[in-house]
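Colleague: Here it is: the structure, laid out below.
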Amino acid sequence: MKKFFLEINTPKGSYFKGEVEEVYLKTSNGYMGIMANHESLITCVEIAPGFILNDGKRSFYAFFSGVLHIDKDGVKLILSNVESAESIDESRAKTAREKALERLKDKKEEIDIKRAELALKRALARLGTINRDFL
């Protein structure tokens, strides 16, 4: 399978630079698989699990909001954060999911609904990455 250059950056710096076969992630238009020679594109990346395929092996990640830029030179992801499946603490993600769900159920005025919704999305992305239940 033909490879292309992928660069992933976060506010903490460069997360990944290298040749890969495919990137699969969720954009504002739904899930998208990106392979070599993809048409040029700029779009938003959603908080969701995904993977990078390299040498026939999938590595799973929780991709957090950002921008996807595809051009003739390759693919650039500028994300607020990215976490590999191996780095995710499942019990912590489950606790975060339950806490966010409780906040959303409570609906007290002092609860920041948008913040709780984002916390829930992040927790679900982490759990989906670990369990690979997005494929």
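Colleague: With Cβ to Cβ distances under 9 Å as the rule, what net charge do the other residues near Ala48 carry (K, R +1; D, E -1)?
Modeller: Summing Lys/Arg as +1 and Asp/Glu as -1 gives +1.
Colleague: Which loop-located GluC sites (Glu not before Pro) does the stretch 85-135 contain, where loop means any DSSP state but H, G, I, E or B and the Cβ has at most 16 other Cβ atoms within 10 Å? It would help to have the intermediate numbers written out before the result.
Modeller: Details: sites: Glu86, Glu90, Glu98, Glu102, Glu109, Glu110, Glu117; in loops: Glu109, Glu110.
Those that pass, being in a loop and sparsely packed, are Glu109, Glu110.
Colleague: Helix 113-131 versus the longest principal axis of the chain: what is the Cα-based angle in degrees, 0 to 90, to the nearest 10?
Modeller: Between the helix axis and the principal axis of the chain, the angle is about 50 degrees.
Colleague: In a shell of Cβ-Cβ distance under 11 Å around Arg126, excluding Arg126 itself, what net charge do Lys and Arg (+1) and Asp and Glu (-1) give?
Modeller: That works out to +2.
Colleague: Moving on to the next point. Mind running the shape call on the stretch 77-116? Use the C-alpha gyration tensor, a ≥ b ≥ c as the square roots of the eigenvalues: rounded below 1.5 for a/c, prolate if a/b tops b/c, oblate otherwise. Each step should come with its number before you reach the end.
Modeller: Details: a/c = 5.11, a/b = 1.66, b/c = 3.08.
Oblate is the answer for the stretch 77-116, as a/c is 1.5 or above yet b/c matches or exceeds a/b.
Colleague: Moving on. Below 14 angstrom from the Cβ of Ile70, what's the summed charge of the other residues (Lys, Arg +1; Asp, Glu -1)?
Modeller: -3
Colleague: Continuing with the same structure: When only C-alpha pairs under 8 Å and at least 6 residues apart count, what is the relative contact order of the stretch 4-85, in percent? Intermediate values should be presented prior to the final figure.
Modeller: Numbers: 209 pairs, mean separation 25.5, N = 82.
With pairs under 8 Å counted, the relative contact order is 31 percent.
Colleague: Name the trypsin sites (Lys or Arg not before Pro) in the stretch 1-82 that are in a loop by DSSP and that have at most 10 other C-beta atoms within 10 Å, would you?
Modeller: Lys2, Lys12, Lys72
Colleague: Something else: Given N residues in the stretch 42-135, what is its alpha carbon radius of gyration divided by 2.2 N^0.38 Å?
Modeller: Ratio of Cα Rg to 2.2 N^0.38 Å: 1.22.
Colleague: Summing -39500 (n - 2.57) over the DSSP H runs of n ≥ 4 in the chain and dividing by its residue number, what mean residue ellipticity at 222 nm do you reach, to the nearest 500 deg cm²/dmol?
Modeller: Value at 222 nm, helices only, nearest 500: -9000 deg cm²/dmol.
Colleague: Helix 90-106 versus the longest principal axis of the chain: what is the Cα-based angle in degrees, 0 to 90, to the nearest 10?
Modeller: Orientation of helix 90-106: about 50 degrees from the principal axis.
Colleague: Which trypsin sites (Lys or Arg not before Pro) from the stretch 93-123 combine a DSSP loop assignment with at most 12 other Cβ atoms within 10 Å?
Modeller: Lys107, Lys108
Colleague: Using the eigenvalues of the Cα gyration tensor, what equivalent ellipsoid semi-axes result for the stretch 4-85 when each is taken as the square root of five times the eigenvalue, whole Å, largest first? Kindly include the intermediate steps, with their values, before the conclusion.
Modeller: Values: eigenvalues 51, 42, 34 Å².
The answer is 16, 15, 13 Å, longest axis first.
Colleague: So, R0 is 30 Å and r is the distance between the beta-carbons of Ile78 and Ile111; what FRET efficiency does that work out to, to 0.05?
Modeller: Efficiency for this residue pair is about 0.50.
Every read-out reported here was derived from the displayed coordinates using simple, explicitly stated rules and does not represent laboratory data. Note that the structure is a prediction, hence the values are computed from the model and not measured. Virtual Cβ from ideal backbone geometry, glycine too; neighbours counted across all protein chains shown.
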